[in-house]
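Each reported figure results from applying straightforward, stated rules to the coordinates on display, with no laboratory input. These figures come from a predicted structure and were not determined experimentally. Counting neighbours? That spans all protein chains shown, and the Cβs are built from the backbone with ideal geometry, glycine included.
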Amino acid sequence: MDLAFPNLGIKIEHLVQGITLPIAGGFEIKFYGIIIALGVLAGYSIACYCAKREGISSEVVLDFLIYALIFSIIGARLYYVIFSWDYYSQNPSQILNLRGGGLAIYGGVIGGVTTLIVYTRIKKLPFFKFADCFVPGLILGQAIGRWGNFFNCEAFGDYTNGPLAMQIKASLVHSSDITNKMLEHLVTINGESYIQVHPTFLYESLWNLGVLIVLLICTRHKKFNGEIFFLYLVCYGLGRVWIEGLRTDQLLLPGIGLPVSQILSGILIVFSVIMMIIFSKKNMDS
């Protein structure tokens, strides 16, 4: 087998990473890309649902989404390259090689939010009203997109024997992601070596689905524009602070050596809580 969840009794004999089309000598489409596309479509549907409640047409949502996709991908790649500069400074030809992997969700979020700021200013539309409509779709897209990491055998944590523990054939993962603790608990099955780890992609996917439910419930009772946007930053950030601490492939802040996504999450949580208090007070005073 290639992968298993031993404590759940689930085994996957052959983990296929993509499909090959009979064109141009065999062009492979990775499941990672397919899953991202499915996440975008699902997120768009939720965004349209939320926008309709606010009196915003689906055409406007689609118009923004086209720009957001472009700049979110750019942002996700830049974020990853910047915080992996030790590698890319020595291999500049790989910076544009997206098929080689390397997209960071927070970079995509920053790119998408920046695009929304510019879009709403140009169109003279209320930013926070639009942001409230889009973040439920964003978190659903993130929940689905995390399964791309499953097919790529990446974004996992250190050794665990918890109920959701995942065994992966050691030959399928990057050697740099294998820790001493994993090696100490290496599992041998039919002559093959397996690491047993936290499936952090699964943790984050489940957490994001929970955040989606919270956002959709709160959308029905929101008291001011921006409430759902800031709530998203708080709820997603809380999960990311916890989950990022488990991962073995963290992007680290140069000179400090701390996980950059944990630091950014903490900053956004504090910022968003403060903004929610300010906005709530203004709403009460008006």
| Which is farthest toward the positive dipole end of the chain among Y106, N149, W85, measuring Cα position about the Cα centre, with Cβ charges +1 (Lys, Arg) and -1 (Asp, Glu)? | Y106
| query | Can you sort H198, H221 so the residue with the fewest Cβ neighbours within 10 Å comes first? | reply | H221, H198
| remark: Simple SL model, points at 7 angstrom along Cα→Cβ for M284 and H14; separation in nm is 6.3 nm
| said: Suppose every Lys and Arg Cβ carries +1 and every Asp and Glu Cβ carries -1, with no other charges. What dipole size does the stretch 3-285 come out with about its Cα centre, to the nearest 20 debye? | reply: 960 debye
| request: Could you line up T219, T200, T188 from fewest to most neighbouring Cβ atoms inside 10 Å? | output: T188, T219, T200
| query | L238: net charge of surrounding residues, Cβ under 13 Å, Lys/Arg +1, Asp/Glu -1, itself excluded? | reply | -1
| query | Between L206 and Y87, how many nm apart are label points set 7 Å from Cα along the C-beta direction? | reply | 2.8 nm
| note | If L21, L215, L264 are placed from fewest to most neighbouring beta carbons inside 10 Å, the sequence is L21, L264, L215
| query | In nm, to one decimal, how far is the modelled label at N180 from the one at N97, with both set 7 Å along Cα→Cβ? | reply | 3.1 nm
| note | A student applying the Cα gyration tensor rule (rounded when a/c is under 1.5; otherwise prolate if a/b is larger than b/c, oblate if not) would label the stretch 26-84 oblate
| task | May I ask you to derive the FRET efficiency for I74 and M1 from their Cβ-Cβ distance with R0 = 30 Å, giving the value to the nearest 0.05? | result | 0.20
| Estimated FRET transfer efficiency when R0 is 25 angstrom, pair L172-L252 (beta carbons, to 0.05) | 0.55
| All other residues with a Cβ under 12 Å from the Cβ of G102 taken together, and with Lys, Arg as +1 and Asp, Glu as -1, what is their net charge? | 0
| request: Please report how many Lys pairs in the chain have alpha carbons closer than 18 angstrom, counting only residues at least 8 apart along the chain or sitting on separate chains. | output: 13
| Near-label residues of the stretch 72-107 by backbone N, under 18 Å of a point 7 Å along Cα→Cβ of L21 | 98-100
| How high is the relative contact order of the chain, in percent, counting Cα pairs under 8 Å that sit 6 or more residues apart? | 19 percent
